[in-house]
Amino acid sequence: MEAYPLFDTPAGAPAAAGATPPDGPRPALEIVARGLPGPQGSKRHIGDGRMIESSAKVKPWRETVSWAAVAARQRTRGFVPLTGPVRADMIFSFARPKTHYGTGRNAALLRPSAPPRPHVMPDLSKLARSTEDALTTVGVYRDDALIVEYGVLGKWYTTDHGRVPGVLDSPGCTIRLWAVEPPEEPG
């Protein structure tokens, strides 16, 4: 059985759309959160006017992001909370299901029918929401409404680690934040 490349990238093309070039501005903060990303979405009513998150994964994920953000802030010399417009990258990494691989002697090979990217639940927008809220909670920025732009926002499989910038070798998320500078005046 032949192994098929997941992506055909022309020579010289960037590995991921929106990836910051090595000589570009450094992010104000880079966070690596390792754990199973949890979506923050719908809430359900449990009685007496109380609502709880529908996903049991959101609380542990937000705690993981919070601890990773606090550690990143301590490692980043001179970091001050972001108070103006913010550009964010969020690269979510998920393990591939075993059904994406062959069996027997082909157990290490991806099936030709395996999708190149995770296009199943959880929703990307709900993953971003839980991650943004965790960063607000620990004071990385005043409010997630400050995010005005995403450079890279996507879900990848951990098998893309080393081929796509920011993809981790285990489930989690790489988060990069930049202060958005105002455009220069012409003339």
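Rolling a 1.4 Å probe over the protein heavy atoms of the range 30-187, with every protein chain left in place, gives an accessible area that is 55 percent carbon and sulfur.
Return the long-range amide H neighbours of Gly35 (sequence gap of 5 or more, or a different chain), with a cut-off of under 5 Å between placed amide H atoms. Answer set, sorted by chain and number: Gly172, Cys173.
Taken along the Cα-to-beta-carbon direction at a fixed 7 Å, the label points for Arg142 and Thr158 span 3.9 nm. Hey, with R₀ at 41 Å, roughly what FRET efficiency would Arg50 and Glu30 work out to, going by the Cβ-Cβ distance, to 0.05? That gives a FRET efficiency of 0.65. A cut-off of 5 Å between modelled amide H atoms, ignoring neighbours fewer than 5 places along the same chain, links Glu149 with Val86, Ala88.
The values are calculated or read from the model by the stated rules, or taken from the named source; none is laboratory data. Nothing here was measured: the structure is a model prediction, and the numbers come from that model. So basically every Cβ, Gly included, is an ideal-geometry build from the backbone, and we count neighbours across all protein chains shown. Remember, those area values only see protein heavy atoms, side chains included, never the ligands or the DNA or RNA. Shrake-Rupley method; radii C 1.70, N 1.55, O 1.52, S 1.80 Å.
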